[in-house]
Ligand code: GRF
């Protein structure tokens, strides 16, 4: 299973995937990490693991279509079979989505279909969950299509929301669950245990 990862920031989920591969929990190879953000720590994590990196953004490719094609081409050239969004803050273009239809996964830090959609990212999600008085939350791995947080739900993990939780405390608990769920889900896909698309 050849994986291409797109990440905009810290890349702790990328690290969890790289660690799972290193430890033999996931039979896969990350062949490329793409970021829109040249300062993303995710790029350093990739380099430290000997994984090729690319920065593709509005500066390198001001035209939307050219940028979309550059991303699709870079993934295809790296032999990528599965595209993994791990904290990628940009919307993928139609060329990339068409070329990798049903082969793009995202991780969202709440139990979709609740607490998803435009504007529901980062701490906004956890704030909304705490304010709604939810008793549980947790990450969702889902297929990516043209609509935010909309594609088929592939896997979820639940964590409790404590009455005293701040959004930050909840975020840390969910992120820990993400680091388990994402590599485990990829492993089930690699083994053919999950039907996708
Ligand atoms: C995670 O909370 C994930 O659910 C969301 O973006 C965050 C990425 O964190 N899509 P990291 O960059 O993997 O540390």
Computed over the chain: relative contact order in percent, which uses C-alpha pairs under 8 Å that are six or more apart: 21
Backbone N under 14 Å from the residue 2 label point (7 Å along Cα→Cβ), restricted to the stretch 12-50: 28-33
Relative packing of 97-105, 165-173, which averages over residues the other C-beta atoms within 10 Å, highest first: 97-105, 165-173
Angle between the chain longest axis and helix 64-77 axis [Cα atoms, degrees, rounded to 10]: 80
Footprinting exposure proxy for 89, 120 (fewest neighbouring C-beta atoms within 10 Å first): 89, 120
Helix-derived mean residue ellipticity, 222 nm - over the chain, DSSP H n ≥ 4, -39500 (n - 2.57), to 500: -11500 deg cm²/dmol
Part-to-part distance (alpha-carbon centres) for the stretch 84-102 and the stretch 107-129, which is given in Å: 19
With Cα atoms, 0 to 90° folded angle of helix 12-22 axis to the chain main axis: 70
Quotient of C-alpha Rg and 2.2 N^0.38 Å, computed over the stretch 80-197: 1.06
Over the stretch 28-80, relative contact order from alpha-carbon pairs under 8 Å, at least 6 apart, %: 37
For the stretch 2-111, alpha-carbon Rg relative to the globular expectation (2.2 N^0.38 Å, N residues): 0.99
Relative packing of peptides 9-21, 185-197, 35-47 - highest average C-beta neighbours within 10 Å first: 9-21, 35-47, 185-197
√(5λ) per eigenvalue of the Cα gyration tensor, the chain, largest first, Å: 26, 19, 16
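A short reminder: the numbers here are calculations on the coordinates, not readings from a lab. Here the structure is a predicted model, which is why all the values come from computation and not from measurement. Positions of Cβ are generated from backbone atoms using ideal geometry, with glycine treated the same way; all protein chains shown enter the neighbour counts.
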